[in-house]
Each structure stands twice: as C-alpha cells, then as structure tokens.
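Here is the structure we will look at, set down as structure tokens.
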Amino acid sequence: MKLAKLSLVAMVVAGLASSSFAADTLADAFKNGKVTGELRAWYFDRDTGNANPATSIPGGAPAGTLGKGNADLFSTGVILGYITDPLYGLSFGATFQGNYAPFADKDAKNLYAPDMYGSGAVLSEAYVTYTLGKTTAKVGRQFIASPLVNSSGSRMIKEAFQAAVLINTDLPNTTLVAGYSDKFQGRTSDYDKSVAGGDSEMPSFKKEAVFYGTGSANGGSNVFGFDGAYTAAAINKSIPNLTLTGQYLFVNAVELTNGGDANVFYAEGNYVVPLSNMKLLIDATYRGSRTSNATFDSFHVEGDMYQGRIGISELAGFNASFAYSTVSSDQSVLLGAGNGPTTYTAPLIKGAEVTSGANTDAYKVEVGYDFTKVGVTGLKVLGQYTKINQDKQTAGALATVLNSVSADTESTYWSGQIAYDIPSLKGLTLSLEYEDAKKEDTATVNSNELRFRANYKF
C-alpha cells in the first residue's frame, strides 16, 4: 500500500533540496518558477446493473433519464500548475483544473453527476509553503495523499482540501506530519448527490466531506458536514527494509450525529526481503474507528479492520500478490476523509468502500507484468480477482449499521489494466481498465465498467 508513504514527504524533500537554489529577489522567484500541466481525454462506459435510484436526485429528473443505470461519457480536461522558486524559504503555488464533456446526453449527465460530469474550471490549489531547516509548512488549498486523508484522482477533477500541513524530518529516519482541514472540494458540484436532475457543475470548497466507509448513508451519499478535522502521522525507516507508518484522524462535530466526533486510526508495516532474483513483500495493516456520543455510536462505525498481504516483485518482469482483509461483526470501519483511502483488497475500479463494511471478509489475487523486460519499454499489464463476502447484520432489525447488508452477500470482481507510456512521445500515457462484477444476495446483479484514459504531461 504505497499510499502509506505519505506523498507529502516528497514535497518536503523537494523543498529542502531546492532551498540551495533559492531565488535572490521576488522577481527571480516568479521568473524562475515552474509550470506543469496535463492534457486529458477520458472515456468511461458504466453499467451499474441497476436502475439509477430516484432518491439520489431530489425532485426527480427530466423525462427519459430517471432509472437509466448505464451510460457512457467522454470528457476532456486540463490541469495547469505553477510554483515559484523559494525566496527566503517561501514559495507560492496554484493549480487549476478544468473539465468539459461535449457530447453528454441526459442519461450520462444523470449517471455521472456525482463524480464526472461538469464543465468549467476550479482553483483546486492555492497555497504558501515555508521551509526552515528540516521543517516545511504548507497552508491553503492543496492536494493531500495519506492513508486517512486522501485526495482521490481517479476522476477528471481531483479532490482537494483547504488545509494547513506541517512536516518535520529532524529525527533520524523519521518523518512527522501534522495537519488541519476545514473545507473539502469534491469531484463535481453534485458529489453529495444534491443537485436536481443531475445537472452538475464544477465543485467548490465546502464544510462537508466524503467520509469513506459509511456507504450511502446520508441521503444516498457518503458526504457529511463537519467542523474541522485534525491529523497526525509518523513514518519510520530505522530498521533496514522495514517501513512503519501510523496515522490518527480526528473529525469534529460530524453532521447528523448530534455533535459527535469521529476518531480514525491507522497502522501499517511494510517489509521487503531482497532475494537474488526478486523481492519478497510482506505487508500488514490495522484500521479502526471510534465515535464519541450515543447518537454517533448508534451508527455502528466502531469497527476494526485487519489486513495482510504477501507478494513478489521484480521477478523477470512479473509481480504478484495475495491479500486478505476482515472487518468486525456488526461494526463498520471509517476509512478516512476523501475518496482516496484504500485497502489491500479493494477492486481496481469499484474501490475500497466495498471492503470496509461490517461482517466483511475479502480476498484479492493480483498479477502484473512489465514488458520492458522483453524490449517493449513502457508497457505494463495488470490482472486482479477479488472476492468479497459480507454477512447480514445481526445487531437487530432496528439498529442502524452504516455500510452493512440485510442479507448475506457475495461479490466477485474480475479486473484488468493495460498502461503504455509511449517512449517516442514523452509525457503521453494511454491506459485501458475494465472490471466485471457480480453481486449475489437475494438476487443477482451484474455490472461492469470500462475506462480509457489518454494523458499528456508537460
């Protein structure tokens, strides 16, 4: 689970490394700043296997759209970022994201309103960083990648947080992180499924966020208002080949809980055993969540999740792994803030939330191959098989167990990915993903999704 390394650390390392090349004047800081960008053309084809529920669209939808659970969508997008050179340890950065879906019909607008459809631009990052010695502070709108607070980038518009983050590397082989966030930017204006008719637009920063792991508990969505979130994390690499990561997240005054707070915990160990012709990978993770008052307790999200994974890498271009996860009886687990938190057993497309519900056992087998080993540079393939068993809740007919099921459920996912970094066109990546799913309880639901992405980075 590479997310456990906290990509914010990379920002600190870059900041510390660049400090020796800092600008001498404000004019130089802007003149020597760095511009980055990405052009995107994405095509999604989704069949949910079910009718699109009316409850997700207040007031209904235009005739001919409600109830359609399959549609395709073509979107074009741009990401444009800029960061100044450091001046006396200070830097300023900003990132715009834009999206346009030129051929979307009513069915596509309705189905993709919460996550993909919308036209316009949003200023997702606008921040100041300050580095002093081995400490870096970053304040403002920003993307965050950590196990419990994570901006998902799997849709055209990447999620962002309004936050303050402090990172320190004074201790040997240790990175310490502390952060606070008071607002969240979703994927579209309808990320909380509140826009009538599915006519979504660009998102804005609000005091409500995705709480991954709750399922569709809040009016068909997993979005809840909150009054500030605090996090602290530590990463240690003192023991050779072993990385230890811990993180804590506190969310104040979660909506619909009578002022209740959420406490979320994360601990992970990643051990690499170098062998003569490959690497053996051993990973273990604990996730847990606790609530603070009777109202929040009644939602039954005080669960524990244990995960294990064993795998190999760099074996003549092959990598493979087997993963298992289990969740407490009648208690679901909050995975964190944003749609980015993941688990070892998360299906490629469906994501981690289907593995974090109460009474869930999940298994995943993954095999990948890098064709560079046979002379095709940049071409990689990946295949996954995931099986998820979730038993019905036994907490009582009147109990509310978020992200639970009322009947024993078995889900299987077959997933595959092909990605090609084209050597002759540096910066251009093509990828194709497909996932076929079957969910069986009192009835059988077959669903599938195909995603094609063309990305050009500059």
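The figures follow:
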| read-out | value |
| --- | --- |
| Sole exception among (1) in contact with a helix residue (DSSP H, G or I) (Cβ under 9 Å, 6 or more places away or on another chain); (2) modelled with pLDDT of 95 or more for Ser216, by number | (2) |
| Single residue of Val405, Val376 found to be of a type in the set (A, V, I, L, M), part of a loop (DSSP other than H, G, I, E, B) and without any contact (Cβ under 8 Å) to a residue 24 or more places away in the chain | Val376 |
| The one condition in (1) over 23 Å from Arg155 (Cα atoms); (2) of a type in the set (A, V, I, L, M); (3) within 19 Å of the chain's Cα centre (by Cα) that Ala407 fails to fulfil | (3) |
| From the options Glu435, Glu410, Glu440, residue that is under 24 Å from Gly69 (Cα atoms), surrounded by 19 or more Cβ atoms within 10 Å (Cβ to Cβ) and either at pLDDT 95 or above or polar (S, T, N, Q) (or both) | Glu435 |
| Scan of the stretch 208-258 for residues that are of a type in the set (Phe, Trp, Tyr) and more than 24 Å from Lys193 (Cβ to Cβ), ordered by number | Tyr230, Tyr248, Phe250 |
| Residue identified as among the β-branched types (Val, Ile, Thr), closer than 22 Å to Asn222 by Cα and either in contact (Cβ under 8 Å) with a residue 24 or more places away in the chain or part of a strand (DSSP E or B) (or both) among Thr400, Thr386, Thr394, Thr412 | Thr400 |
| So Thr355, is it under 15 Å from Ser289 (Cβ atoms) and surrounded by 19 or more Cβ atoms within 10 Å (Cβ to Cβ) | yes |
| Test: residue in the stretch 333-340 that is surrounded by 24 or more Cβ atoms within 10 Å (Cβ to Cβ), out of contact with any Ser or Thr (no Cβ under 6 Å at 6 or more places or on another chain) and under 27 Å from Ala443 (Cα atoms) | no |
| Residue count, the stretch 223-265 (criterion: under 18 Å from Arg290 (Cβ atoms), in a strand (DSSP E or B) and polar (S, T, N, Q)) | 3 |
| Flag if Glu366 is under 30 Å from Leu275 (Cα atoms) and of a type in the set (D, E, K, R) | yes |
| Subset of the stretch 312-332 that is under 19 Å from His300 (Cβ atoms) and among the polar types (S, T, N, Q) - its residue that is surrounded by the fewest Cβ atoms within 10 Å (Cβ to Cβ) | Ser329 |
| Count - residues of the stretch 236-247 that are free of Cβ contacts under 8 Å to residues at least 40 places away in the same chain and either closer than 16 Å to Ala284 by Cβ or under 25 Å from the mean Cα position of the chain (by Cα) (or both) | 5 |
| Top-ranked residue of the stretch 266-295 - restricted to ones that are outside any strand (DSSP E or B) and not polar (S, T, N, Q), ranked as farthest from the chain's Cα centre (by Cα) | Leu275 |
| Among (1) in a loop (DSSP other than H, G, I, E, B); (2) closer than 20 Å to Asn359 by Cβ, the one test that Lys438 misses | (1) |
| Residues of the stretch 199-222 classified as surrounded by 24 or more Cβ atoms within 10 Å (Cβ to Cβ) and either part of a strand (DSSP E or B) or small (Gly, Ala, Ser) (or both), total | 6 |
| Qualifying position, being in contact (Cβ under 8 Å) with a residue 60 or more places away in the chain, out of contact with any His (no Cβ under 6 Å at 6 or more places or on another chain) and not β-branched (Val, Ile, Thr), among Asn319, Asn270, Asn263 | Asn270 |
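The values are calculated or read from the model by the stated rules, or taken from the named source; none is laboratory data. Being a predicted model, the structure only gives us computed values, none of them experimental. All Cβ positions, even for glycine, are placed from backbone atoms using ideal geometry, and neighbour counts span all protein chains on display.
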